[in-house]
1. Compute the projected area of the convex hull of the Cα atoms of the chain, averaged over all viewing directions, and report it in nm² to one decimal place.
2. About the Cα centre of the chain, how large is the charge dipole given +1 on each Lys and Arg Cβ and -1 on each Asp and Glu Cβ? Please answer in debye to the nearest 20.
3. Per-residue HN-Hα couplings for region 207-214, Karplus 6.51 cos²θ - 1.76 cosθ + 1.60 at θ = phi - 60°, whole Hz, x for Gly and Pro?
4. Would you please calculate the Kirkwood hydrodynamic radius of region 56-145 over all C-alpha pairs and express it in Å, rounded to one decimal?
5. Between residue 159 and residue 87, what is the spin-label point distance in nm, taking each point 7 Å from the Cα along the Cα→C-beta axis?
6. Compute the signed sum of charges (Lys and Arg +1, Asp and Glu -1) over the other residues within less than 11 Å, Cβ to Cβ, of residue 271.
7. Taking the Cα atoms of region 23-91 alone, what are Rg (to one decimal) and Dmax (as a whole number) in Å?
8. With N residues in region 121-254, what two-decimal value do you get for its Cα radius of gyration over 2.2 N^0.38 Å?
Amino acid sequence: MQYLLIEYADQAGQLEPITLHYKLRDNPIVPKWIECVRQAQKQYEIDDPERFYGFGDDQTEQALIRINKCIDLINSFETIVERKVTCINDQDALNYLHNIFEKYHGLLDQQNNDFWNRAPLQVRRALADLNIAVHRCESVYRGAEPRHVVTWFGLEKNKLLDHNDYAHAIHTWESGTVFLNYVEIGKTLEDLATDNDQYIADGAFQPFRHYSADFVVRFSNRTSRQAQASHDKIYAYYQQHKDKLAPWQICYTNGQFPLADLEGDLDLDAIGNRQLVKSVQLI
């Protein structure tokens, strides 16, 4: 395998699709990820091919519609959510909803609570989508940089990174880099430092340990200055809460795990007009 090919189309089907080529990196994470993608494609469709961030002018309205639609669907089965989101930057409400997701969905591969066991498939899906909707709202009001995420709903997230894999994590990158997506149920140390979450349950702090076929394509650079600023914020939070956290070396696994890099020029306008992943191929 040498390339990841992603075909982008518009929702209305009025534009000619475009295919971008991403050259796979040479690191030990890539073949393990390829195996996951192959398995995912045998069993599942991409669950949300329109999961794009940082494009368009209607993001705020769409984010609010999506998150409140999830709440309505969940409550149509049983009223467990007592708040809605009326303002995109209500971080307290978003933290509350993320806790609802953690509590009633369950942590990674721990979907065995009473609500989950009784809920029909569409409600289970709404709980999973609630998590995505929370992070979409956060991305919008914090000024999301352009990116898109590809996930397969129902895919097991039971594979663990090896200790040596962490040596391949990076903190700076160029636009058009493809990374493993964070698949844990919970929040990283970086999330905690940013969210000021008063609702998060014990056990919901989850460093980047598991991986799957899910991936994210980032269409913006990250400089060494930005990486250092993020590190400083995270470290300050850790120092304030280290009595409740694991050792720093375990907590600080917030680097990104690169898989591939875009070949050729990036036309953000072309991607912005085609916010739907039509197909994913490995060749």
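1. 15.0 nm²
2. Using only the charged Cβ atoms, the result is roughly 500 debye.
3. Rounded to whole hertz, the list is x, 6, 10, 8, 8, 8, 6, 4.
4. With all distinct Cα pairs of region 56-145 included, I get 13.2 Å.
5. It is 4.3 nm.
6. In short, -1.
7. Every Cα atom of region 23-91 included, Rg and Dmax give 18.1, 49 Å.
8. 1.08
Coordinate-derived values only; no laboratory data. Keep in mind that what you see is a predicted model, and the values were worked out from it rather than measured. Heads up, the Cβs are rebuilt from the backbone with ideal geometry, glycines too, and the neighbour counts pull from every protein chain shown.
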